[in-house]
Amino acid sequence: MAHKIVSKKQLSENVFTMQIEALEIAQARKPGQFVIVGINNDYSERIPLTIAGCDPEKGTIRLVFQRLGKTTAEMADLNIGDSISSIAGPLGNPTYIDNFGTVVCVGGGIGNAPLLPIATAMKEAGNKVISIIGARNKELLILEDDFKAVSDELIVVTDDGSYGRKALVTEPLKEICTENKPDMVVAIGPAIMMKFCCETTRPFGVKTLVSLNTIMVDGTGMCGGCRVEVGGQTKFVCVDGPEFDGHLVNFDQMMKRLGAYKDQERKAHDEYIKHRCKLGLND
């Protein structure tokens, strides 16, 4: 079954958002879950993307993705009216939502996308939501207005100080934990960011959830590509996660495994760009 793209918007230089028809997924999806997307059944790889929102009445889901590898580059080239061949989901365990009290939601870069539905659900459950979102610079910051709409307090930081406060997300997080310890922290972003968010909250004993972004192929626990070590045990992000207690995650091992794929991903991306240039599509 093909899934039609009903809207598309570019959020930053290489980040796009799409509303895509997927009625059953839109009706069943819960915050924290993801889908496996295959652009073309004949040849494309399958990639995991978190569901950044949905409209059950219209039967659409919102996907936010970064143009980085070959498949995301192909997806970024699609337009309104085009279709995606397959979307499997919702997959993964949803976020446990309750009225915890004060919840700090920390997002970095593209991690703001999967964090948004969680922050929204936490607010709807009656929590005080403090959101900290960051990026390397102003041009790369995404979803600020969306977070502003669901947060009691929004803190924006950039690495270079081009917008908001010049700081890493861990700095205001530590200040909040010191001044008035929150009941929970949810951190989503690059692995190194999540690691240091967890190290920031650890001395304060604040429960910290992270959503892991490991290499994933089938999304059903069969390939083993997404395995991580959590609390000394092997877990699979696709079926046991994607969320885990951040204080138990072996981030160093996870980052080492992610790095093993970096060179191959870059080579595939470069080959795709060369192919586009040969076709005269070098915009």
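Solvent-free Debye calculation, one equal scatterer per alpha-carbon of the range 3-91: log10 I(q)/I(0) at 0.13, 0.15, 0.25 Å⁻¹ equals -0.36, -0.48, -1.41.
Could you tell me which trypsin sites (Lys or Arg not before Pro) in the range 1-68 are loop residues by DSSP with no more than 14 other beta carbons within 10 angstrom of their beta carbon?
When the trypsin sites (Lys or Arg not before Pro) of the range 1-68 are filtered for loop state and at most 14 Cβ neighbours within 10 Å, K58 remain.
Given the pairs K70/K207; K58/K128; K166/K235; K138/K256; K166/K195, which are separated by over 32 angstrom at their Cα positions? Checking Cα-Cα distances, K70/K207; K166/K235 exceed 32 Å. With K and R counted +1 and D and E -1, the other residues having a Cβ less than 15 Å from that of I51 yield a net charge of -1. With both labels modelled 7 Å from their Cα along Cα-to-Cβ, the D252 to Q10 distance reads 4.2 nm. Structure remark: mean-square fluctuation, Gaussian network model of the chain, C-alpha springs under 10 Å; the largest value among Q33, Q66, Q253 belongs to Q253.
Secondary structure note: in the chain, about 60% of the DSSP beta bridges are antiparallel.
Applying both filters, DSSP loop and at most 16 other Cβ atoms within 10 Å, to the chymotrypsin sites (Phe, Trp or Tyr not before Pro) of the range 69-155 gives Y96, F100.
Computed over the Cα atoms of the chain, the ratio of the radius of gyration to the Kirkwood radius (Rg/Rh) comes to 0.95. Among the trypsin sites (Lys or Arg not before Pro) in the range 93-189, those placed in a DSSP loop whose Cβ has at most 14 other Cβ atoms within 10 Å are R136. Counted residue by residue at 0.36 nm each, then reduced by the alpha carbon distance between them, the extension gain from E45 to N180 reaches 44.0 nm. Translational diffusion of the range 102-211, estimated by Stokes-Einstein from the Kirkwood radius over alpha carbon pairs at 10 °C in a medium of 1.306 mPa s, is 119 µm² per second.
The value for the range 91-132 of Rg(Cα) / (2.2 N^0.38 Å) is 1.12.
Wrap a convex hull around the Cα atoms of the range 162-251, take a quarter of its surface area, and give that in square nanometres. Its average projected convex-hull area is 6.7 nm².
Throughout, read-outs are computed from the coordinates displayed, never taken from laboratory work. Predicted, not measured: the structure shown is a model, and the values here were computed from it. Virtual Cβ from ideal backbone geometry, glycine too; neighbours counted across all protein chains shown.
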